[in-house]
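Q: Quick one: structure below, then a few questions.
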Amino acid sequence: MKTVFDAIIKSLAKASNYNRDDVVAPAVVLWTDKDRQWEPLAERLRESLPHFLTLGDYDTANKTGPAIWLRCMIGRTLPEADWPEETTPILYLPGVSRQELRAVEDCDPHLQPLAALQYLGVFWTQHSAKDWTILAFLQTDKGGGLGLDVARDAATQEAMKRALPMLADTLISELTGKLDASDFNKLAAPDPVRSLLKWLNDPKATRDGFNASEWDAFRSVCQSDYDFDPQADGEIVGAEHLGRKESQWQTVWNRFAEAPKRYPHIPERLRAANPPDNLFRDESCWPQDNDKLEDDLRGALEKLTKLAPNDAAAAIIKLEDTHGKRRDWVWKELGQASLAIALEHLAVMAEVCKDAMGGATLEAFAEAYVSVGWKADAAMLDALASVQHSQRASEDAKAVHAAVAAVYQPWLEAGAERFQALVKDMPRLCENVEQHAKELSESKTGCCILFADGLRFDVAQKLKGVMEDKGWKVEADWRWVALPPVTATAKPAVSPVADLLGTDSDGDDFCPAIKESGKRLTIDLFRQLLVDRGFDVLHGDDTGDVNKRAWTEAGSIDTNGHKQGWKLSWRIDEEVRGLADRIRSLLDAGWEEVRIVTDHGWLLLPGGMPKVQMPSYLAEARWGRCAVLKDKSSVKVPTMMWHWSPDVRIAMAPGISCFKAGLDYAHGSLSVQECLIPEFTVRAGKAARPKASIKSVKWVGLRCRVQVDGATTGLMADIRTKPADASTSLAEAKAVGKDGSVALLVGDDSLEGTAAAVVLVTNDGRTIAKKSTMVGE
């Protein structure tokens with residue numbers, strides 16, 4: 001989020017966020033703008049957001065039209081509704097206020113078809129539910145505003161309206177101090193460098209924006225300072241000056257390089273200028289030179305499959321020496337150097353993969369992976385993710401896949417074969433399940449166990465880094481999985497109730513049975529066992545009672561892997577952020593520690609893993625990398641006993657192969673990536689939280705009376721739609737009284753009936769308790 005325009009885009013995107021476990025996706029984000037303050041940005045928003053719709057005269061090219069047409073667009077019944085299905089459309093309503101839509105019976109007839117959208121969608125508004133004005137967006141620090149110090153006088157407000165197009169392109173970091181009319185007027189009267197770049201980007205529009213005296217002044221500055229006449233020389237000559245960076249043009253280039261996305265057409269001008277090659281040509285300034293280098297890199301990566309693995313690794317490292325510098329060029333910022341970015345990760349992968357994972361014992365093998373080997377897995381995923389948004393995404397992905405196939409795949413297969421050789425004579429891989437379950441079952445009050453399905457060791461290292469960056473105290477360890485490494489078998493084995501489970505199950509779906517009843521374990525029975533053992537089961541964003549013990553689940557790594565295959569790599573950072581946010585909410589709520597456990601890792605290989613035959617007549621059930629064998633079946637693949645029963649034999653796919661074709665994401669067999677799993681114990685790194693809880697919440701109209709038990713010194717009470725997010729406050733937070741009482745007022749009667757939470761917040765902003773409520777209930 002660098003510019004004000006970026007912040008507007010981010011805030012609009014945030015408005016469509018919703019809890020997938022609780023509500024359906026909003027049909028639309030409604031942007032009401034009674035005074036038409038934001039209208040000067042409408043065209044820019046249309047260019048940036050294909051899902052940006054506008055109420056107005058019928059103009060399909062600009063996705064503008066009357067209410068009935070807009071309803072059809074939002075319902076995706078028209079071919080012009082060409083944005084991705086998962087994207088929530090934005091409907092801009094110039095000249096319309098939120099109150100007009102809410103007054104359904106008195107609503108203007110031309111707006112009535114849109115009135116129902118207030119119930120199907122969400123409004124882009126301030127936290128007070130008022131329309132965003134330019135002043136409010138700049139000034140408020142809640143609900144997505146920028147929290148700037150801005151004068152409120154009429155002259156300042158008029159100046160900021162005039163300057164809005166320039167203000168949108170301004171770096172937020174430049175908007176410092178007390179902003180008043182003079183600051184916005186300076187934006188409206190462009191400085192020479194900004195004007196020159198805007199003119200190079202769009203000569204006609206910039207010229208039309210000048211009056212005669214301004215244009216003459218601009219030409220005079222260009223002639224005196226830059227030895228260039230825009231009118232006589234034209235934009236191509238100007239682009240050549242820019243690319244050469246001679247004399248004062250270096251300053252112009254530096255400004256362009258600071259925020260190149262502001263000037264999307266300048267690369268076209270530089271391509272057209274294209275001066276002849278010479279010894280003094282700086283290839284970093286010319287997009288065509290970068291394009292050629294990117295093409296060269298693409299071709300070199302595609303040819304790696306013809307080399308031996310070590311030769312391919314050496315070639316990647318040599319390519320990094322040549323192309324690494326391009327990550328400092330402006331073209332990276334413009335998305336024109338995706339392979340140069342991916343190459344950084346491929347070089348790490350190649351360096352690790354030069355040496356096979358080894359070790360005379362299983363313990364030595366594990367230590368080699370924990371210390372170094374995981375970095376190859378992480379780098380491979382990062383390389384795949386780097387080309388997601390490439391301008392030539394399909395071709396670049398193919399090139400990265402080739403590098404992965406040439407270097408990573410042989411290393412992965414050799415490691416899996418070595419691992420299988422080390423464990424082939426072991427009756428079980430994980431011997432201490434009962435002891436581990438006992439430790440978890442004896443977790444102290446204030447401990448919340450968080451289960452993250454498919455949190456592979458390398459992904460866990462990313463999470464560990466995020467947690468440590470937040471100042472949390474992190475204790476890290478690892479352990480072996482229960483076999484086979486699939487959720488049905490391995491998840492119960494890392495739970496506090498593992499000792500209650502047994503073998504009275506045929507194992508064909510890899511689910512154990514409850515010892516006492518013999519019933520097959522289901523999710524409902526699993527949760528009941530947890531409750532019976534004294535663990536609350538927390539769902540969604542619930543933070544529960546911190547004076548108890550709890551089990552909660554978060555993340556979708558395994559689900560997304562099975563659905564999306566190698567494209568899971570695109571979601572890893574998102575998954576890590578989601579897990580970190582869930583941990584933060586638990587710690588902020590007052591949990592003394594969060595223990596993170598997982599069930600298994602996985603293999604990921606773009607292009608798919610090789611298939612090995614497992615005839616159906618030999619197996620009761622067959623999954624991607626494991627199968628339950630029928631009695632007395634004889635197979636030539638590795639076999640292990642089922643963790644929950646020594647009488648059930650499991651066939652394990654050899655190496656990195658699968659029993660099914662076309663899988664580029666799978667787990668269930670023997671590899672260190674699947675079988676070595678991380679564990680974390682996380683504690684907040686700050687001072688101990690006060691012990692307090694919300695005893696009662698009572699509403700009298702829109703006034704909320706709260707009673708708090710426990711230590712209240714320094715505590716504030718608030719009402720929020722998202723407990724840990726102060727920007728979602730619906731009232732003015734107040735200090736809790738010495739007697740534990742506090743009254744909060746919701747000032748906007750339109751919020752009556754809104755689902756929210758009363759929260760207790762420490763003086764450093766931590767949420768330590770919450771109680772769900774409905775405004776005015």
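Q: Which of the residues belonging to region 322-368 are of a type in the set (A, V, I, L, M) and open to solvent by 10 Å² or more (accessible area, probe 1.4 Å)? So that I can check it myself, show each step before the final result.
A: Here is the first cut: in region 322-368, the ones of a type in the set (A, V, I, L, M) are 330, 334, 337, 339-343, 346-350, 352, 356-357, 360, 362, 364, 366, 368.
Result: V330, L334, I341, A347, V348, V352, A356, M357, A360, L362, A364, A368.
Q: If I filter region 36-66 down to residues being out of contact with any Lys or Arg (no Cβ under 7 Å at 6 or more places or on another chain) and of a type in the set (A, V, I, L, M, F, W, C), which single residue comes out as modelled with the lowest pLDDT? Steps first, please.
A: As a first pass, look at region 36-66 and keep what is out of contact with any Lys or Arg (no Cβ under 7 Å at 6 or more places or on another chain): 36, 38-45, 47-51, 55-61, 64-66.
Of the ones still in play, those that are also of a type in the set (A, V, I, L, M, F, W, C) are 38, 41-42, 45, 49, 55, 61.
On the way: W38: 94, L41: 93, A42: 93, L45: 93, L49: 92, L55: 94, A61: 89.
Filtering region 36-66 for residues that are out of contact with any Lys or Arg (no Cβ under 7 Å at 6 or more places or on another chain) and of a type in the set (A, V, I, L, M, F, W, C), the one modelled with the lowest pLDDT comes out as A61.
Q: Is it the case that some residue within region 183-190 is closer than 22 Å to K2 by Cβ, of a type outside the set (D, E, K, R), open to solvent by less than 70 Å² (accessible area, probe 1.4 Å) and in contact (Cβ under 8 Å) with a residue 60 or more places away in the chain?
A: Within region 183-190, the subset closer than 22 Å to K2 by Cβ is 183-184, 186-188, 190.
Now narrow it down to the ones that are of a type outside the set (D, E, K, R): 184, 187-188, 190.
Filter once more, so that each one left must be open to solvent by less than 70 Å² (accessible area, probe 1.4 Å): 184, 187-188, 190.
Narrowing further to those that are in contact (Cβ under 8 Å) with a residue 60 or more places away in the chain: none.
No, because not a single residue in region 183-190 is closer than 22 Å to K2 by Cβ, of a type outside the set (D, E, K, R), open to solvent by less than 70 Å² (accessible area, probe 1.4 Å) and in contact (Cβ under 8 Å) with a residue 60 or more places away in the chain.
Q: Inspect all residues belonging to region 404-413 and state whether any of them is modelled with pLDDT of 95 or more, more than 24 Å from P654 (Cβ to Cβ) and surrounded by fewer than 22 Cβ atoms within 10 Å (Cβ to Cβ).
A: Going residue by residue through region 404-413, those that are modelled with pLDDT of 95 or more are 404-413.
Remaining after also requiring more than 24 Å from P654 (Cβ to Cβ): none.
No, region 404-413 contains no residue that is modelled with pLDDT of 95 or more, more than 24 Å from P654 (Cβ to Cβ) and surrounded by fewer than 22 Cβ atoms within 10 Å (Cβ to Cβ).
Q: Among what's in region 226-243 and is among the hydrophobic types (A, V, I, L, M, F, W, C) and open to solvent by less than 10 Å² (accessible area, probe 1.4 Å), pick the residue that is farthest from N274 (Cα to Cα). Before you say what the answer is, go through the steps one by one.
A: Filtering region 226-243 down to residues among the hydrophobic types (A, V, I, L, M, F, W, C) leaves 228, 232, 236-237, 239, 242.
Going one step further and asking which of them are open to solvent by less than 10 Å² (accessible area, probe 1.4 Å), we end up with 228, 239, 242.
On the way: F228: 18, A239: 9, L242: 11 Å.
Selected residue: F228.
Q: So which of A421, A385 ends up being assigned to a helix (DSSP H, G or I) and open to solvent by 40 Å² or more (accessible area, probe 1.4 Å)? Don't jump to the end; show me each part of the working.
A: Details: A385 fails: open to solvent by 40 Å² or more (accessible area, probe 1.4 Å).
Selected residue: A421, the only one of A421, A385 that is assigned to a helix (DSSP H, G or I) and open to solvent by 40 Å² or more (accessible area, probe 1.4 Å).
Q: OK, next. Is at least one residue of region 160-172 more than 22 Å from V24 (Cα to Cα), open to solvent by 60 Å² or more (accessible area, probe 1.4 Å), in a loop (DSSP other than H, G, I, E, B) and out of contact with any strand residue (DSSP E or B) (no Cβ under 6 Å at 6 or more places or on another chain)? Don't jump to the end; show me each part of the working.
A: First, pick out the residues of region 160-172 that are more than 22 Å from V24 (Cα to Cα): 160-172.
Keeping just the survivors that are open to solvent by 60 Å² or more (accessible area, probe 1.4 Å) gives 161-162.
After this cut, where a residue has to be in a loop (DSSP other than H, G, I, E, B) as well, the list is none.
Scanning region 160-172 turns up no residue that is more than 22 Å from V24 (Cα to Cα), open to solvent by 60 Å² or more (accessible area, probe 1.4 Å), in a loop (DSSP other than H, G, I, E, B) and out of contact with any strand residue (DSSP E or B) (no Cβ under 6 Å at 6 or more places or on another chain).
Q: Looking only at region 486-531, count how many residues are open to solvent by 50 Å² or more (accessible area, probe 1.4 Å) and within 30 Å of L760 (Cβ to Cβ).
A: 2
Q: Being over 11 Å from Q420 (Cα atoms) and open to solvent by less than 10 Å² (accessible area, probe 1.4 Å) is true for just one of I656, I650. Which residue is that?
A: Numbers: I656 fails: over 11 Å from Q420 (Cα atoms).
Just a single option satisfies the conditions, and that option is I650.
Q: Restricted to region 49-82, and to residues that are polar (S, T, N, Q) and open to solvent by 60 Å² or more (accessible area, probe 1.4 Å), which residue is nearest to L117 (Cα to Cα)? Give the derivation first.
A: In the first step, residues of region 49-82 are kept if they are polar (S, T, N, Q); the result is 54, 60, 62, 64, 77.
Next, from what is left, pick out any that are open to solvent by 60 Å² or more (accessible area, probe 1.4 Å): 62, 77.
Working: N62: 21, T77: 16 Å.
Only one residue fits best here, namely T77.
Q: Going by what's in this entry, would S669 be described as of a type in the set (S, T, Y), open to solvent by less than 40 Å² (accessible area, probe 1.4 Å), assigned to a loop (DSSP other than H, G, I, E, B) and free of Cβ contacts under 8 Å to residues at least 40 places away in the same chain? Don't jump to the end; show me each part of the working.
A: On the way: of a type in the set (S, T, Y): yes; open to solvent by less than 40 Å² (accessible area, probe 1.4 Å): yes; assigned to a loop (DSSP other than H, G, I, E, B): yes; free of Cβ contacts under 8 Å to residues at least 40 places away in the same chain: no.
Answer is no for this residue.
Q: Can you name the residue in region 265-312 that is in a helix (DSSP H, G or I) and of a type in the set (G, A, S) and is also most open to solvent (accessible area, probe 1.4 Å) among such residues?
A: Restricting attention to region 265-312, the residues satisfying the condition of being in a helix (DSSP H, G or I) are 266-273, 283-285, 287-306, 309-312.
Then drop every residue that is not of a type in the set (G, A, S), which leaves 272-273, 284, 299-300, 312.
Details: A272: 60, A273: 17, S284: 21, G299: 23, A300: 31, A312: 0 Å².
Per the stated criteria, the residue is A272.
Q: Just to be sure, is K464 open to solvent by 40 Å² or more (accessible area, probe 1.4 Å), assigned to a helix (DSSP H, G or I) and modelled with pLDDT of 95 or more?
A: On the way: open to solvent by 40 Å² or more (accessible area, probe 1.4 Å): yes; assigned to a helix (DSSP H, G or I): yes; modelled with pLDDT of 95 or more: yes.
In short, yes.
Q: Then there's this: Which ones in region 175-193 are modelled with pLDDT under 90 and assigned to a helix (DSSP H, G or I)?
A: Within region 175-193, A181, S182, D183, F184, N185, K186, L187, A188, P192 meet the criteria.
Residues are listed down the side, and each one gets a yes or a no for (1) over 25 Å from V23 (Cβ atoms); (2) part of a helix (DSSP H, G or I); (3) modelled with pLDDT under 90:
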residue: Q707; (1), (2), (3): yes, no, no
residue: T713; (1), (2), (3): yes, no, yes
residue: A731; (1), (2), (3): no, no, no
residue: A757; (1), (2), (3): no, no, no
residue: N763; (1), (2), (3): yes, no, yes
residue: I768; (1), (2), (3): yes, no, yes
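Q: If you don't mind, another one. Is it true that D718 is over 30 Å from L455 (Cα atoms) and either in a strand (DSSP E or B) or free of Cβ contacts under 8 Å to residues at least 24 places away in the same chain (or both)? Before you say what the answer is, go through the steps one by one.
A: On the way: over 30 Å from L455 (Cα atoms): yes; either in a strand (DSSP E or B) or free of Cβ contacts under 8 Å to residues at least 24 places away in the same chain (or both): yes.
Yes.
Q: Would you be able to tell me the number of residues in region 75-110 that are closer than 21 Å to Y58 by Cβ, assigned to a loop (DSSP other than H, G, I, E, B) and in contact (Cβ under 8 Å) with a residue 60 or more places away in the chain?
A: 3
Q: Kindly indicate whether L455 is touching a residue at least 40 places away in the same chain (Cβ under 8 Å), of a type in the set (A, V, I, L, M), in contact with a Leu (Cβ under 9 Å, 6 or more places away or on another chain) and assigned to a loop (DSSP other than H, G, I, E, B).
A: Taking the combined requirement at face value, the residue satisfies it.
Q: For region 517-576, enumerate the residues that are among the aromatic types (F, W, Y), out of contact with any strand residue (DSSP E or B) (no Cβ under 7 Å at 6 or more places or on another chain) and over 30 Å from G608 (Cβ atoms).
A: The one that is among the aromatic types (F, W, Y), out of contact with any strand residue (DSSP E or B) (no Cβ under 7 Å at 6 or more places or on another chain) and over 30 Å from G608 (Cβ atoms): F526.
Q: Next up: When you go through L41, L30 one by one, which is the residue that is outside any helix (DSSP H, G or I) and surrounded by 15 or more Cβ atoms within 10 Å (Cβ to Cβ)? Reasoning before the result, please.
A: On the way: L41 fails: outside any helix (DSSP H, G or I).
Of L41, L30, the one residue that is outside any helix (DSSP H, G or I) and surrounded by 15 or more Cβ atoms within 10 Å (Cβ to Cβ) is L30.
Q: Taking A129 as the residue in question, decide whether it is in contact with a helix residue (DSSP H, G or I) (Cβ under 7 Å, 6 or more places away or on another chain), under 30 Å from D153 (Cα atoms), surrounded by fewer than 19 Cβ atoms within 10 Å (Cβ to Cβ) and at pLDDT below 90.
A: Values: in contact with a helix residue (DSSP H, G or I) (Cβ under 7 Å, 6 or more places away or on another chain): yes; under 30 Å from D153 (Cα atoms): yes; surrounded by fewer than 19 Cβ atoms within 10 Å (Cβ to Cβ): yes; at pLDDT below 90: yes.
Here the answer is yes, as A129 does meet what is asked.
The values are calculated or read from the model by the stated rules, or taken from the named source; none is laboratory data. All values derive from a computational prediction rather than experimental measurement. Heads up, the Cβs are rebuilt from the backbone with ideal geometry, glycines too, and the neighbour counts pull from every protein chain shown. For accessibility, only protein heavy atoms count, side chains too; no ligands or nucleic acids. Shrake-Rupley method; radii C 1.70, N 1.55, O 1.52, S 1.80 Å.
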